[in-house]
Amino acid sequence: MSVVTLQMGQCGNQVGGQFFNMIARDTFDQSLAKCNVPRQTNQQFIDDVCERFFSQEEGSLKARAVMVDMEPKVIAMTTTEAKRSGLFQYNNKQQFCQKCGSGNNWAHGFLVHGSKCSQQVMDLIQKEAEKCDRLEGFFTLMSLAGGTGSGLGAYITQCVRDEFPHSFIMNQVTWPFYTGEVIVQNYNAVLTLSHLYQSSDAILIVENDQEQKICSQLLNIKKISFSDINEVIGHKLASFLQPAKSNNLTSNHLGEMLEHLVPHPEYKLLTMKTIPFMSENNIQYSAYQWPGLVKHLTQMLIANASMEEGIDWGVKLSSTGLAYNKSMANSLFLRGLDVNTVDVSSFKDGRLYPSWLPSEACLASWTNQRTFNKYEKSASLVSNSQTPLISLNHVIDKAWSMFTSRAYVHQYIKHGLAEEDFLDSFACLEQVIKNYKDL
Amino acid sequence: MTQSIVVQVGQCGNQIGFRFWDLALREHSSLNKTGLYDDAVSSFFRNVDTRYSDPADIPVGHGLGKIKDLKARAVLIDMEEGVVNEIMKGPLRGVFDYKQLITDVSGAGNNWAIGHKMYGAKYKEEISETIRRAAELCDCLQCFFVIHSMGGGTGSGLGSFVLNLLHEEYPDIYRFVMAVYPSHEDDVITSPYNSVLAMRQLTDNADCVLPVENQCENIHGKTQIFGEMQALVDIVNKINQANPKLAERKSSRGHVKAGSAISTGDGGIVKGKDEKPFDSMNNIAANVLLNMTSSARFEGSLNVDLNEITMNLVPFPKMHYLVTSQTPLYSVSDVHIPPRRLDQMFSDAFSKDHQLIKADPKHSLYLACALMVRGKVEVSDIRRNIERLQSSLKFIHWNRDGWKTGLCNVAPVGQPYSLLTIANNTCVHHTFSGLRDRFVKLYKRKAHIHHYTHVDNMEIEDFSESLESLTSVIKEYETLEKQINNPAPSLPRLQVI
């Protein structure tokens, strides 16, 4: 079962590059001794990963990806870096770029570039999809702040939904830093999210602020660059997208995962938490045990912490006291030694979930004996919970206050958007917030 | 990769333009060691084969062709021949094609009406042809840079005419204007008229205006320089104070690394002895243009294209006057002194001494601010500095986090990193108010009006309409600035039933 990755815009392409790099390194570049599995199982794993993410073409391993950007520099850089790694390559023919960017303007990306380029982009996607023996679905990487990733990304997602009504579509969206990468980022985010809600199956949210904290506090990187942040994102994505099996030996295909995580179409926002995160030097000195990892991860979920440091242990699962984070569904991915011995009952606690869902069904766990990215034991939690509410609220607040002053609105109207479209998007997202708050 | 065309009008415009091309060549020559004609060079230059009498254009192709001969994508317009002739006699003559020049003999006599109405009508066809030719040679034209002064006749009159033309014929291409505003004690008496008449055209037709201020002053009894830029004068003085030898252009063993000051043209084609006294000032303005386009030309982890600048910094259609500042001014050469700290660079960018107009943005309201960083700076440095500076700067309530960041990997010539801030700040209304007051002083008495109304098609209503336009722009900025301490109450959010 294969997944086709769509990398949209500068952010999408940069994250995509790191994502494939992480998978390739972990799968192909790992010594057998460290993997904790016999040779045959490892070979099976490698074959699974190849089937899922790569295709064998012209003698080299090509990523199943379509790269789209409105200006050529980023795609060129990403392709060169992939070639330099020696582990995989991007297919030069599966790239689409124009000369002129979208200028951080969602309307420009969606309406202008969308209608101009959709045919060609869809052709490339069609070609990539036909290469797959069995197509699981599409994984789109995009940002919310810019013009291409957000605007064109939303348009293409819609087209893909129309063209492939039975495939699963998961969009990984990068939430910009709170303070300024782009001034109109809040508008772009509101417009994108509201459109994605109609056409996508799941929206996986990754926040730059949080990833940067992981880099500075856990990985001890002094001067954090975007490629460091993207490496962390790549690690998180790979940790749950790589093959794993559930208790009854079903594989974690995209469809299986999404069917569990998104039981209701009004609740599509997903977030990821991964532990542990350590700098390379510290890995050899650490000894993590499963009970500890599970406990930390549970508390991270309840207290809404994004990493294992600075967790607020005061938040408890009780109706009195501090409010805790409620979830719709959780998927746990355990990789490494002794995964079969792990006790995951803390995630099955009924208080974590709304009363109208049977708590037994709310947790799905997937395991793989093979270690991931040099960590002896690692755990990843993908949850459909109230975590994104704070950021979402914040963004809508800002966007609304800008909208009431009508600031920058003329720039969007210039390209064909109307004030009603803004209002529709605001209304859609307010509904989403209310739904999650009422969990 | 997109291309840009530079249109330089009038004496001032051509002098700044001339420095711009010199510095652009310097930058590309220091970065492009292999001499290949790639996309970055093609954004401002054409590669031509001069064996043909009409030099044949060589496109970028795979980016592996060697540079044969570079021609600037520029149009030079002046109504008197002095400046353009000097350029064509000087060392940069090979960069310009004679077909890109439009000149006349008699000049515009510091009269906006002659520049705009008379010469405009006379040369409209020719200008339109020349620009069309330049535009056709571009693969994907993204914007026009128009450089001119506001106080004179040609620059302000014909310059604003050209702007109108560009708006009409190329409505989708962005128009950036670098306008040099006159000072309080400008020698040209009618400069307030010329400026206000031109401002109205700028308000209506430009996408973005970068005002640079021009104030005449007798500096420390040294040679009085004609029509100089006070803000820039102050900046150059600061650089010279750091190293007095720099002013005499001797090789500096002292504090400042040779060739690193943003006011120097060292390393360019024009050699030291040919440099004119006000070249230092023009270099600073030229550097602004280079740094602004650096992210569009070179690679970086957070690219900022020119259309993103207009998108993010112009919240309302008429409020497109942007204040710029550049740091650091120079880099220190003595290896024992640690390099000027990165954070210092960010703090300096917001001090009033580094702005290119005489204004104090810290005490006014920021509507939006863009930080264009070049060189070895990481995103965490930028974030840290934004957090640090956020508290001392006042942003309008609906744009409290109104920062746009751009990161370009390629450092400018002679410095490890640099920062260009482009901000939309309400402090510009002080400059404009001063301009309006000087205009009204003359207009009340109808002084010199007859020189203007003599010209065909020039009506007295042009004056009053221009004054109205200027007043409304000032009022818009002032209204926003009033919100500096009491923000307007915002509507409550949509409620879900």
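What to note about this one:
- FRET efficiency, 1/(1 + (r/R0)^6) with R0 45 Å, evaluated for residue A:93 and residue A:356 via beta carbons: 0.35
- With a threshold of 23 Å on the Cα-Cα distance, the over-threshold entries among A:316/A:348; B:99/B:318; A:213/B:362; A:222/A:377; A:213/A:374; A:62/A:116 are B:99/B:318; A:213/B:362; A:222/A:377; A:62/A:116.
- Accessible area of the range A:33-132 belonging to carbon and sulfur atoms, whole % at 1.4 Å probe: 49
- The convex hull drawn around the Cα atoms of the range A:320-369, when projected onto a plane and averaged over every direction, covers 4.1 nm².
- Neighbour cut-off at most 16 other Cβ (10 Å), DSSP loop, GluC sites (Glu not before Pro), the range B:388-497: B:459
- At full extension, residue B:409 and residue B:121 could sit 99.1 nm farther apart than now, given 0.36 nm per residue minus the alpha carbon distance.
- Computed on the range A:125-221, the Cα convex hull volume stands at 118 Å³ per residue.
- Computed accessible area, residue B:123, all protein chains, 1.4 angstrom probe, square angstrom: 20
- Highest to lowest packing among B:90-103, B:374-387, scored as the average C-beta count within 10 Å: B:374-387, B:90-103
- The mean number of partner chain beta-carbon atoms within 10 angstrom of a residue's beta-carbon across peptide B:376-383 is 6.
- The label-point distance for residue A:133 and residue B:184, in a model that sets each label 7 Å from Cα toward Cβ, rounds to 8.2 nm.
- The range A:74-144 - convex hull of the alpha-carbon atoms, volume per residue in Å³: 126
- Average projection area in nm² (convex hull over Cα atoms of chain A, one quarter of hull surface): 20.4
- If the Kirkwood radius is taken over C-alpha pairs of the range A:188-336, then at 37 °C and 0.692 mPa s the Stokes-Einstein diffusion coefficient equals 190 µm²/s.
- Label zone at residue A:284 (point 7 Å along Cα-to-Cβ), backbone N below 17 Å, the range A:28-50: A:31, A:33-35
- Cα-projected label distance for residue A:56 with residue A:424, points at 7 Å along beta-carbon direction, nm: 4.8
- Kirkwood's formula applied to the C-alpha pairs of the range B:92-162 gives a hydrodynamic radius of 13.2 angstrom.
- Calculated accessible area for the range A:329-439 comes out at 37 Å² per residue, all protein chains present (probe 1.4 Å; ligands, DNA, RNA ignored).
- A dipole drawn for chain A from +1 and -1 charges on Cβ atoms has a positive end, and of A:337, A:94, A:272 the residue lying farthest that way is A:337.
- Label-point gap, in nm, between residue B:164 and residue A:437 - each point 7 angstrom along Cα→Cβ: 5.5
- Over the protein assembly as shown, the fraction of Cα-Cα pairs per 10 Å bin, rounded to whole percents and listed from the shortest bin up, is 2, 12, 20, 23, 18, 13, 8, 4, 1, 0.
- Remark: C-alpha extents of the range B:399-452 on the principal axes read 55, 33, 15 Å, sorted largest to smallest.
- Our estimate of slack between residue B:51 and residue B:388, defined as 0.36 nm per intervening residue step minus the Cα-Cα distance, is 115.6 nm.
- Stokes-Einstein D (µm²/s) once Rh is taken as the Kirkwood radius of the range B:339-441 over alpha-carbon pairs, at 37 °C in 0.692 mPa s: 221
- Share of pairwise Cα separations in the range B:64-201, more than 27 Å, in percent: 22
- With only the Cα atoms considered, the range A:1-84 has a convex hull volume of 101 Å³ per residue.
- Here r is the Cβ-Cβ distance between residue B:172 and residue B:86 and R0 is 45 Å; the resulting FRET efficiency, rounded to 0.05, is 0.80.
- Kirkwood Rh, angstrom, the range A:329-410 [1 / mean 1/r, Cα pairs]: 15.8
- Interface area, chains A and B: about 4300 Å² of buried accessible surface, summed, with a 1.4 Å probe and ligands, DNA and RNA left out.
- Solvent-accessible area per residue for the range B:376-463 (1.4 angstrom probe, square angstrom): 42
- Database remark: amide H of residue B:427 closer than 5 angstrom to the amide H of B:365 (H placed geometrically; neighbours at sequence offset of 5 or more, or on other chains; Pro and chain starts carry no H).
- Segment residue A:40-residue A:80, extension gain: residue separation times 0.36 nm, minus the distance between their alpha carbons: 11.1 nm
The values are calculated or read from the model by the stated rules, or taken from the named source; none is laboratory data. If you're wondering where the values come from, they're calculated on a predicted model, not measured in any experiment. Backbone-built Cβ (ideal geometry, glycine too); neighbour counts: all protein chains shown. These accessible areas exclude ligands, DNA and RNA; they are computed on the full protein's heavy atoms, side chains included. Shrake-Rupley method; radii C 1.70, N 1.55, O 1.52, S 1.80 Å.
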